[in-house]
Amino acid sequence: MNNETLLYNVSFNEDYIFDRTDVKVIFITLYTIVFVCCFFGNLMVIFVVTFSRRLRSITNFFLANLAVADFCVGIFCVYQTLTNYLMNSWQLGDFLCKVYMFVHALSYTASILILVVVCTERYLAIVHPIKCRSMLTRRRLRMVIGVVWILAAVYASPRFFYVETISNRLNSGDVDIICIANIKKHNKNVLDVVNLVLLYLLPLFLMCCLYTRIAIGLWRSSATLGGPGLVARTKNGRIHHVHTSSRNVLKARRGVIRMLIAVVMMFAVCNLPQQARILWRHWGPNYDHASDFSTLLTVSTFLISYMNSCLNPLLYAFLSRNFRKGMRELLHCRGSRNNGGALAMVCASSDHNRHENGITHVPQNSVVRLNSVQDSLSTTRQTITRHNTLYGKRT
């Protein structure tokens, strides 16, 4: 879903690789599979996060916005790209040509920025929980997402200026139309380099650094919780082993981080062929813009980049237990009559999203300070009972 892979290598000739029926069938089939998975998969993510109580968390709110960007790719980009090549002529008009390129840039930019925001939020929540609690409120994070979409739209808006349809008359007398960026209205070499650095290499480097710090923080916290540690007494006199619940929180956090790292890796891998092709096209001495190979390569790299938009929902389904539960609840909700006679939706809602977001219930009159990573668990006014007192004197 790269935002600047415009169609320079569509050649104005009558011997065209997509005139072959077998090639058409292969790419129509592959693009249709990607479109269906992208459409229904991301629509399911949006609905599950919106209507499932267990998934109402900050991280899942960000992932729902990522699903919106991927959903836009499925609606506005997948078949438009295929149509432009299969028909060897753009038939959707000048305005939809501009919209097509605009959504490419919008979705790609929004996706990478959302991934950076999610990574930053998880880093602050796990490594600097006290700062995170006071600084990253839900209201501010919603504002951040709004700013992300505004920045992505502003960045993509110049496409309405320099993208246009160009007509050319073939030897047969037919008029061929392509949707392309006018090279006289922008410097494509500079723009592609800026896109590669600012919207691919730099964000990925930043996320690698932050996720490495997160992994180190979780590992240290896990080592701290390896011993007997602290326990707390509740109001009714029962002993609450805090380390057990804390280990559950860490286990859930590790699961979320693994899922997020997989999403970032999928983004990097799926967009790498597109970025490599752009570099080769600009600076490769043996790149032939008019060859069948370059045409097939362009359509194939587009397809791989679009696969990123349809694979994200599968990652959530395989790697997030709460997402799977929320999806089952949404699919199996059934209407039933409550005591007052009104129709109510009956769905399981235990656990919600607490463990997945690193929040656990601690007895109200006791609190545990584990280390700097676990400070996020100390959210109520409580008293601390030391390990040697509890284990050495209580029976």
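Separation of the stretch 279-317 and the stretch 40-74, taken as the distance between their Cα centroids, equals 26 angstrom. Quick one: grab the alpha carbon gyration tensor of the stretch 43-180, order the square roots of its eigenvalues as a ≥ b ≥ c, and give me rounded if a/c is under 1.5, else prolate or oblate depending on whether a/b is larger than b/c. Verdict is prolate for the stretch 43-180. Rounded to the nearest 20 debye, the dipole magnitude of the stretch 128-223 is 840 debye, with +1 charges on Lys and Arg beta carbons, -1 on Asp and Glu beta carbons, and the Cα centre as origin. Cβ-to-Cβ counts within 10 Å put Val256, Val264, Val73 in ascending order as Val264, Val256, Val73, the fewest first. Average projection, convex hull of the Cα set of the stretch 29-85: 3.8 square nanometres. With neighbour counts taken as other beta-carbon atoms within 10 Å, the residues Ser167, Ser107, Ser52 rank, fewest first, as Ser167, Ser52, Ser107. By the count of other C-beta atoms within 10 Å, a proxy for reagent exposure, Asp292, Asp192, Asp22 are ordered fewest to most as Asp22, Asp292, Asp192.
Across the stretch 114-208 the C-alpha pair distances fall into 5 Å bins from zero in the proportions 2, 10, 13, 15, 14, 12, 9, 8, 6, 4, 3, 2, 1, 1, 0 percent.
All of the numbers you see were taken from the coordinates with simple rules; none came from a lab. Computed from a predicted model, the values in this text were never measured in an experiment. Cβ: placed from backbone, ideal geometry, glycine included. Neighbour counts: every protein chain shown.
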